[in-house]
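What follows is one structure encoded as structure tokens, with my remarks underneath.
What follows draws every value from the coordinates through simple rules; no lab data is involved. This one's a predicted model, so the numbers in the text were calculated from it and none came from an experiment. Every residue, glycine among them, receives a Cβ derived from its backbone with ideal geometry; neighbour counts consider all protein chains shown.
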Amino acid sequence: MRLTPHTPAQPLLEIRGLNLDFGTPRGRIHALRNVSLDVPAGQVVGIVGESGSGKSTLAYTVMGLLAENADVTAGSVLFEGKDLLKLPFSARRSLLGDRLSMIFQDPMTALNPVRTIESQMIDIQHHEPGSRVAKRTHALEMLHRVGIPDPQSRISAYPHQFSGGMRQRVCIAMALLVKPALLVADEPTTALDATLEVQIIHLLKELQKQIGCSILFVSHHLGAVAELCDRVAVMYAGEMVEQGGVRNIFHNPAHPYTRALLECDPGRVKKRTRTLPTIPGEVPSLLGSKVGCIFRKRCPQAFDRCSYDNPIEHRLGVDQVARCHLLDKERLASA
Ligand code: ATP
Ligand code: SF4
Ligand code: MG
């Protein structure tokens, strides 16, 4: 049985059965368990889930930028048909800033504070042919496209001479300058205020259409995901619990966790209230092995089977899959 929703052509990125642990003095943290995900070419796929669900770990696995205590114990990450987990270090490194690029929550992660934007934007094009002058011109065009006013004079500035929102625009310009096939964005708008966030989301959407790349977009902000993404993957405590087209996930969620997450979304809360709702209970510890459904301690619909049987994926229509026993056809038929 296929583990992810069917997509017509070979996806650009295919993650299959990924298991990843972090070694810690307290034991092994199982941060990703049997995670599968497709990112089709030219599409934007959002990853949502509470803090600690493994979103960044998944994004960093794709980029090959994991911490030293990370240990991938099973699975594959096929990008353009090649398993990134099996590529030699040098081949993997040379994909970064070429076919694969990334935007971080904190733009300073990607920028060198002691070098001008100009030198960093020229260097990042090292895979491209052409003179330094041509690369500078290309950098100026990109700064203009991301809305940096007066790029001619701003290009010689240092990162700290830009505001937070402008720095994130510079990072987007740098990440897209190389025309990547896949842009991985980990909470790129979380540090920005609401107005700037809307601007950056619109900018990403416009540039993605122009460049035709795919985006893997990690965010806490469901409104931003709804605005930008074609598909959404929902993670909980290291597992992928539901995936599908953005409309289905937002209008017809099948997994109790997705429903709970949507009910807590500030954009959807109908009653005016000072305190936003949260999902009752806590995210479980990721130490040790797990039996049964990972969400059962917080699930309002949990029943006996959920405590001993780990749910498999069930397909809903052509475009949506979810891991929940409530969707088991045999159970539904006998109900
Ligand atoms: P957030 O929304 O807060 O960014 P996230 O969904 O991105 O959360 P991750 O950062 O991927 O979550 O973390 C997943 C789990 O792995 C968490 O329990 C986290 O504490 C743990 N973790 C992440 N990196 C390490 C590490 N290097 N060593 C040990 N544990 C780690
Ligand atoms: Fe809830 Fe059981 Fe479904 Fe898990 S499998 S989400 S506990 S009903
Ligand atoms: Mg994160």
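Where does the chain land at 222 nm, in deg cm²/dmol rounded to the nearest 500, when only DSSP H runs of n ≥ 4 count, each adding -39500 (n - 2.57), divided by all residues?
Here the helix-only value at 222 nm equals -8500 deg cm²/dmol.
Suppose every K and R has +1 on its Cβ and every D and E has -1 on its Cβ; what is the size of the dipole of the stretch 147-302 about the Cα centre, in Debye to the nearest 20?
For the stretch 147-302, the charge dipole is close to 400 debye.
In nanometres, what is the gap between the two model label sites at Ile312 and His160, each 7 Å from Cα along Cα-to-Cβ?
Rounded to a tenth, the inter-label distance reads 5.8 nm.
For the stretch 179-335, what's the relative contact order in percent, using C-alpha pairs closer than 8 Å and at least 6 residues apart?
Relative contact order comes out at 17 percent.
Treating only the Cβ of Lys, Arg, Asp and Glu as charged (+1, +1, -1, -1), what charge dipole size does the chain show about its Cα centre? Round to the nearest 20 debye.
On the way: 39 positive and 33 negative charges, 58 e Å.
Result for the chain is approximately 280 debye, rounded to the nearest 20.
If we count other beta carbons within 10 Å of each Cβ, what is the order of Cys324, Cys299, Cys264, fewest first?
Working: Cys324 22, Cys299 19, Cys264 14.
Final ranking by Cβ density, sparse to dense: Cys264, Cys299, Cys324.
Report the antiparallel proportion of the DSSP beta bridges in the chain as a percent, rounded to a multiple of 5.
Percent antiparallel among DSSP bridges in the chain is about 65.
With a cut-off of at most 15 other beta carbons within 10 Å, and DSSP calling the residue loop, which trypsin sites (Lys or Arg not before Pro) in the stretch 14-60 qualify? Please list them.
Arg26
Just in the stretch 178-271: which trypsin sites (Lys or Arg not before Pro) are loop by DSSP and have at most 15 other Cβ atoms within 10 Å?
Sites meeting the loop and neighbour criteria: Arg268, Lys270, Lys271.
Would you be so kind as to identify all helices of the chain, as entire DSSP H runs, whose Cα atoms reach 18 Å or more along the helix's own axis and whose mean Kyte-Doolittle hydropathy is at least -0.5?
164-177, 194-211
Suppose a student asked you for the relative contact order of the stretch 1-94, using Cα pairs under 8 Å spaced at least 6 residues apart; what percent would you report? Numbers along the way, then the final one.
Values: 137 pairs, mean separation 32.6, N = 94.
Computed value for the stretch 1-94: 35 percent relative contact order.
Could you give the length gained by full extension between Met108 and Ala134, i.e. 0.36 nm per residue of separation minus their alpha carbon distance, to one decimal place?
On the way: separation 26, 0.36 × 26 = 9.36 nm, distance 2.59 nm.
That works out to 6.8 nm of additional length.
Among Ala173, Pro151, Gln120, whose Cα projects farthest towards the positive end of the dipole of the stretch 115-190, with charges put on the beta-carbon of Lys, Arg (+1) and Asp, Glu (-1)?
Pro151
Which one of Asp193, Asp304, Asp265 has the biggest mean-square fluctuation once the chain is modelled by GNM with Cα springs under 10 Å?
Largest GNM mean-square fluctuation: Asp304.
What trypsin sites (Lys or Arg not before Pro) does the stretch 86-190 have in DSSP loop regions with at most 13 other beta carbons within 10 Å?
Loop-located and lightly packed - Arg115.
Compute, for the stretch 1-120, the length of the dipole vector about the Cα centre, with Cβ point charges of +1 (Lys, Arg) and -1 (Asp, Glu) only. Units Debye, rounded to 20.
Computed about the Cα centre, the dipole is about 240 debye.
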